[in-house]
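Beneath this line is the structure, given in structure tokens, with notes to follow.
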Amino acid sequence: MQRSDLLPFDHDAQRTLERAWAWTIAERRAAEGVRPAVRASWERSLWASIRPDLPAAPLVWDDDQLAVTVERNDWLGLARQAVRQHQASFSGVGHILTLFDHEARMLAAEGDPAALDGLASINFRPGGDWSEGMVGTNGPGTALATGLATHIVGAEHFCEGWQKWHCAAVPVRDPATGQVLGVLDISGFREYAHPHTLNLALALVVAIEQTLAARETERRFLALSRLTDLSLRYPGDVTLAVDRAGRVLSASPSAPPAFTPGRDHPALRSTVDHLLLQSTDAMPREVAIPGLPGAGERGVWYPVLDGSTVVGGCLLVERAGHALPAARTAPRGTKPEAVRYTMEDICGDSPVLASARATAAAAAGTDLPVFLLGESGTGKEVFAQAIHAASPRRDKPFIAVNCAALPRELVESELFGYEGGAFSGARKEGTIGKLEAAEGGTILLDEVAELPPAAQAALLRALQENEIQRVGSVKTRRVDVRVIAATNRDIQASLASGALRQDLYYRLNVIPIELPPLRERPGDVRRLARRFFEATARELGVTEVTVDAEVFDAFTAYPWPGNVRELKNLVRRLVMMTGAVVRFGDLPQAIRSAASGVAQGPHAVKVAVNAGTPSPIDREDERLMAIVNSSATMAEAAARLGITRSTLYRRMERYGLSPKRVVERK
């Protein structure tokens, strides 16, 4: 190995490098005698006309914009979780650990206070843009420019102001698509630079990508569950489950051999890429799907969401020579599917949850606006759907809109619709918005504080006057919609910062319902976990799942920062990865650590979760079966339960009964 290929950690190497850097700046061409990767980066920095005397990197986000961006980078929370599980490996003395998005804009930083303060002076802090094209050679920017793990030490930085630091950076990749999501960087004082720093960064990125891969498995399970539902509903049609990369995960029995999972379908991949960009909610819509082998030109796209992120979906495909039945198409703005949750799905006996559930039940009998407040994963959409299902509007549409996911330039057209030709790219016939699509029913405005000011003003007028005005139109249209709003942000901080208009807040906050985080209802954790184990076992067709008692004890001790969603997803992953037996050692390190020192439950035996028959915690479902057995028809049973027939059929499937096997008695 040539000397120039070695990392310049010692004093003499830095002095030599400083002379090479000075020559580079003076001559405007990269000097010889430096590492090839650094020389190539210097050349790119010269070509980009980067000022070597830059005092600081540009800041591209204020605090509010940063908060929104962090929320939208849904891999960031898992990355932080994976890093925390390996904190013992990172002492942090003289160093900080940072995470950037795919354009080298810093999202998060933590570590040694002295290093944090020193680096903040050059805007190496959240909101700073450290792309190579903006600030020259540096760890995270050069790692993203090359797609490779990179260690930049001292005078290897192109800008003199960064040269008393060193940065070891590694790109983080999406396990489904291979695309770069961002970069992890460990930076510190140059005197603390060591070859092992880059190895540590590599190990942390491996841990992050393993965590992301586990989540991807859970997300594929969501798409497969959706496929099962659609295949039962439309047994004669071709239905495909696809992931975010456009790969076929599974297909209905009627699908042609061309759709065998694992085969590459360029036309399908291109179609899915387009659909993922267009999808902002779970509403099905009719789409054009040209070029698929053995298929027609049309289909219905059913997006699958994990929280607010579209993670794949299912395609109901028109078969060649067979028109798609009109009743099954779902153009944008038509009536969506029935809700999945009712009051019976709000599971738990803790006083705080019981109070929230009682308020929701009372709210269901009115048309007053409801404001759901709670952390991410506490079940805001479950509550919203349950309120709708128990209301007089239950037979009308329920539409959920994630306001944070709407493109800012299209927010008003999404909510209120637009006239033909209202803007470039608009459909010539125009389209209705979400509020019109929810006519007579309920609309859930999730993350309402993320709406831009102009959209908040238009929404306020729509709520006050019960009318909307489509983009590009001078006419107003009457709407009859029950509004439920939700947010996971600190509502008082949002009001103080102006992120949420006070007049809109007071219009929405007629019936506030605070949803408790799971850590405040530890008595419900065991019951919820058992319910999720049973439901997952049924969905996967597993006869029996055996769970160690220590697993439930650990669940109770863990604080669940991701709340019920985190618990549910973990249970799904455990059943999928371990099969029929779940042991304490199968749990993530964070949960095992939380359980240390916790007294074991009274029965240190394995708890069998029978997937074929209901357990004592499923009393609600047993009551459902009793009502079905005592009703003359399924329609009568659904009416007595206060749910739709389609919801009743889905509940019947929990007991291994498909709708075809349920016979209405005369």
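State whether the residues of region 102-112 include one that is in a strand (DSSP E or B), touching a strand residue (DSSP E or B) at 6+ places or on another chain (Cβ under 9 Å), of a type in the set (Asp, Glu) and surrounded by 20 or more Cβ atoms within 10 Å (Cβ to Cβ).
Checked region 102-112: no residue is in a strand (DSSP E or B), touching a strand residue (DSSP E or B) at 6+ places or on another chain (Cβ under 9 Å), of a type in the set (Asp, Glu) and surrounded by 20 or more Cβ atoms within 10 Å (Cβ to Cβ).
Looking at (1) within 23 Å of Ala67 (Cα to Cα); (2) at pLDDT 85 or above, can you tell me which one Arg408 breaks?
(2)
Would you pick out the residues in region 205-229 that are surrounded by 22 or more Cβ atoms within 10 Å (Cβ to Cβ), farther than 13 Å from Trp75 by Cα and among the aliphatic types (A, V, I, L, M)?
Ala223, Leu227, listed by residue number.
Which condition from (1) in contact with a strand residue (DSSP E or B) (Cβ under 8 Å, 6 or more places away or on another chain); (2) open to solvent by 20 Å² or more (accessible area, probe 1.4 Å); (3) among the small types (Gly, Ala, Ser); (4) more than 21 Å from Leu198 (Cβ to Cβ) is the one that Gly128 breaks?
(2)
When only residues in region 133-184 that are in a strand (DSSP E or B) and not aliphatic (A, V, I, L, M) count, which is surrounded by the most Cβ atoms within 10 Å (Cβ to Cβ)?
This residue is Cys167.
Go through Arg44, Arg51 for me and flag whichever is outside any loop (DSSP other than H, G, I, E, B), on the phi < 0 side of the Ramachandran plot and either of a type outside the set (Asp, Glu) or open to solvent by 80 Å² or more (accessible area, probe 1.4 Å) (or both).
One residue alone meets the criteria, Arg44.
Taking into account only those residues within region 182-224 that are in contact with a helix residue (DSSP H, G or I) (Cβ under 7 Å, 6 or more places away or on another chain) and basic (Lys, Arg), which is farthest from Pro261 (Cα to Cα)?
Arg190
Restrict the check to region 236-253 and report whether at least one residue is aliphatic (A, V, I, L, M) and in a helix (DSSP H, G or I).
no
Can you tell me which residues in region 357-374 are touching a residue at least 60 places away in the same chain (Cβ under 8 Å) and crowded, with 18+ Cβ neighbours inside 10 Å?
Across region 357-374, the qualifying residues are Ala360, Ala363, Pro369, Val370, Phe371, Leu372, Leu373, Gly374.
Is it the case that some residue within region 238-254 is open to solvent by 70 Å² or more (accessible area, probe 1.4 Å) and either among the charged types (D, E, K, R) or touching a strand residue (DSSP E or B) at 6+ places or on another chain (Cβ under 8 Å) (or both)?
Yes, region 238-254 contains a residue that is open to solvent by 70 Å² or more (accessible area, probe 1.4 Å) and either among the charged types (D, E, K, R) or touching a strand residue (DSSP E or B) at 6+ places or on another chain (Cβ under 8 Å) (or both).
Hey, Pro195 hits all of (1) within 26 Å of the chain's Cα centre (by Cα); (2) open to solvent by 20 Å² or more (accessible area, probe 1.4 Å) but one; which does it fall short on?
Condition not satisfied by Pro195: (1).
Return the pair list, or none, for Cβ contacts closer than 6 Å from residues in region 581-595 that are within 12 Å of Ala549 (Cα to Cα) to residues that are of a type in the set (D, E, K, R) and surrounded by 16 or more Cβ atoms within 10 Å (Cβ to Cβ), at least 6 apart or on different chains.
Cβ pairs passing all conditions: Arg583/Asp548; Phe584/Asp548; Phe584/Glu550.
Against the conditions (1) at pLDDT below 85; (2) part of a strand (DSSP E or B); (3) of a type in the set (A, V, I, L, M, F, W, C), where does Met577 fall short? Just the number, please.
Evaluating Met577 over (1) at pLDDT below 85; (2) part of a strand (DSSP E or B); (3) of a type in the set (A, V, I, L, M, F, W, C) leaves (2) as the failure.
Conditions (1) among the small types (Gly, Ala, Ser); (2) modelled with pLDDT under 90; (3) under 41 Å from the mean Cα position of the chain (by Cα), marked per residue:
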residue: Ala22; (1), (2), (3): yes, no, no
residue: Trp42; (1), (2), (3): no, no, yes
residue: Ala48; (1), (2), (3): yes, no, yes
residue: Ala56; (1), (2), (3): yes, no, yes
residue: Val68; (1), (2), (3): no, yes, yes
residue: Ala88; (1), (2), (3): yes, yes, yes
residue: Val93; (1), (2), (3): no, yes, yes
residue: Ile96; (1), (2), (3): no, no, yes
residue: Phe100; (1), (2), (3): no, no, yes
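Which numbered condition in (1) under 39 Å from the mean Cα position of the chain (by Cα); (2) surrounded by fewer than 17 Cβ atoms within 10 Å (Cβ to Cβ); (3) of a type in the set (Asp, Glu) is the only one that Glu27 fails?
Of everything listed in (1) under 39 Å from the mean Cα position of the chain (by Cα); (2) surrounded by fewer than 17 Cβ atoms within 10 Å (Cβ to Cβ); (3) of a type in the set (Asp, Glu), Glu27 misses just condition (1).
Need at least 2 residues that are open to solvent by less than 30 Å² (accessible area, probe 1.4 Å) and in contact with a Phe, Trp or Tyr (Cβ under 6 Å, 6 or more places away or on another chain) per element, so show me which strands (runs of 3 or more DSSP E) inside region 444-563 make the cut, counting only ones lying wholly within it.
Answer list for region 444-563: 544-548.
The values are calculated or read from the model by the stated rules, or taken from the named source; none is laboratory data. Bear in mind that the values here come from a model prediction, so they are computed numbers and not experimental data. A quick note on method: Cβ atoms are made from the backbone with ideal geometry, for glycine too, and the neighbour counts reach across all protein chains shown. The area values use the complete protein model at the heavy-atom level, side chains included, leaving out ligands, DNA and RNA. Shrake-Rupley method; radii C 1.70, N 1.55, O 1.52, S 1.80 Å.
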